[in-house]
Amino acid sequence: MELTDRDRAIYEWQIWVNGLGDAGQQKLKNSTALITRVGGLGGPLAQSLAAAGLGKLILAHGGNTKHSDLNRQILQTHDQLGKPRIESCRRRLMELNPQIEIETCGENVTEANVRGLVSGADLVFDCAPLFEERLLLNRECVRQQKPLVDAAMFEMEGQLTTIIPGQTPCLACLYPEIPPGWKREFPVIGAVSATMANLAALEGLKLLAGFGELLTNTLLIFDARSMDFRKIAIQHRPDCVVCGSCRPPGIQEPPS
Amino acid sequence: MPALQAFHDSQRPLASIFQVKITVQLLGQARQLSPTEQVILHVEEGASVDELVPQLLAGAPDSLHLILSERSNEVQQLRRSVMAIRNNETIEPSARDLLKDGDEVSLLPPMSGG
């Protein structure tokens, strides 16, 4: 789809960005991103992608809105308490940008739905708090050769990397096991998760529009206490069960 | 961990020509579980990150042991899910002869979505 005059009017200020331009904006318009869990990370991320004019968002998020969501899940509202989170995500994003298409799934990522969710997307954003979900999504992205932007945070720290199957380490290279004692509930200030979300959104916009440098083979670590950013070089894990023989890509078929 | 640092300091030999000084920085969940975010260790030249772990965790709370370490053949080593970073590059925890005097090693347990 070509850009319309209305598109140019709405996205004028970002079309001025060097490297983005009309061509980049058109790529964004013709792109689809999957965001799994649309909470403290996924919510602000979805908001930034919607505002930037991504053509279609696929959102997967289960459960109903709780009081304890409201400090960081900025797509949720007090009048939404007790109702499905995904409804509020759709409503808030459509208010922000009615031009885009939104497909919703009122479940978190599972073995049963992961293939279909990933297959419909050009780019996947992993914003889930549970390692089981993240590693499942990573496995499917490697299998389908889809790029994955992985953002995570804990307390006053965050991290971010962009995974391109066959070219970079995958998430299982970084986390070969589910860490013991991990709890779904952990310390989060909304501004920290939103910072990581917007850095992830920038990675996605650059990747889809084709400009700038990506955090490939690199882990960005952000320390909100000291306001330090560090870039860490990361490597494939030769014995990785997901992408260990993924050079060239796609050799190892993960279990279906 | 301050007590832990004092213990390490008391064990330091007067002549440490075969030892190197490594600053270990704890990140993420490990940082939250520890009263101090960094510990200075004096270890044998050539030591691997795995070999730092028993010293690092001597006297540390069980919760920190659980996050950072595991046992393999009765030897305490860095847990596989924890990333070892030397200065600004990840390194294999079992590799010897990589750590140099004055290096900073960061230990990063996994973190997840918010």
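Here are a few things to note about the model shown:
- Counted residues, segment A:7-51 - those being in contact (Cβ under 8 Å) with a residue 40 or more places away in the chain and either among the polar types (S, T, N, Q) or exposed (fewer than 13 other Cβ atoms within 10 Å of the Cβ) (or both): 8
- Odd one out for A:Leu137, checked against (1) within 11 Å of chain B (Cβ to nearest Cβ); (2) surrounded by fewer than 18 Cβ atoms within 10 Å (Cβ to Cβ); (3) modelled with pLDDT of 95 or more: (2)
- Test for A:Ala197: is it more than 14 Å from the chain's Cα centre (by Cα) and either open to solvent by less than 30 Å² (accessible area, probe 1.4 Å) or facing another protein chain (nearest Cβ under 9 Å) (or both): no
Residue by residue, here is whether (1) part of a helix (DSSP H, G or I); (2) over 23 Å from A:Arg230 (Cα atoms); (3) over 15 Å from the mean Cα position of the chain (by Cα) holds:
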position: A:Ala112; (1), (2), (3): no, yes, yes
position: A:Val118; (1), (2), (3): yes, yes, no
position: A:Leu135; (1), (2), (3): yes, yes, no
position: A:Ala152; (1), (2), (3): no, no, no
position: A:Gln167; (1), (2), (3): no, no, yes
position: A:Ala172; (1), (2), (3): yes, no, yes
position: A:Pro176; (1), (2), (3): no, no, yes
position: A:Ala201; (1), (2), (3): yes, no, no
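- Within segment A:83-111, the only residue that satisfies the criterion of being open to solvent by 50 Å² or more (accessible area, probe 1.4 Å) and within 22 Å of A:Ile189 (Cα to Cα) is A:Arg92.
- Residue in segment A:84-103 that is of a type outside the set (S, T, N, Q), more than 20 Å from the chain's Cα centre (by Cα) and over 26 Å from A:Arg8 (Cα atoms) present: yes
- Strands (runs of 3 or more DSSP E) within segment B:68-114 that include 2 or more residues open to solvent by less than 60 Å² (accessible area, probe 1.4 Å) and under 24 Å from A:Asp126 (Cβ atoms): B:83-86, B:104-108
The values are calculated or read from the model by the stated rules, or taken from the named source; none is laboratory data. This one's a predicted model, so the numbers in the text were calculated from it and none came from an experiment. Heads up, the Cβs are rebuilt from the backbone with ideal geometry, glycines too, and the neighbour counts pull from every protein chain shown. Protein only, heavy atoms only, side chains kept; ligands, DNA and RNA dropped before computing areas. Shrake-Rupley method; radii C 1.70, N 1.55, O 1.52, S 1.80 Å.
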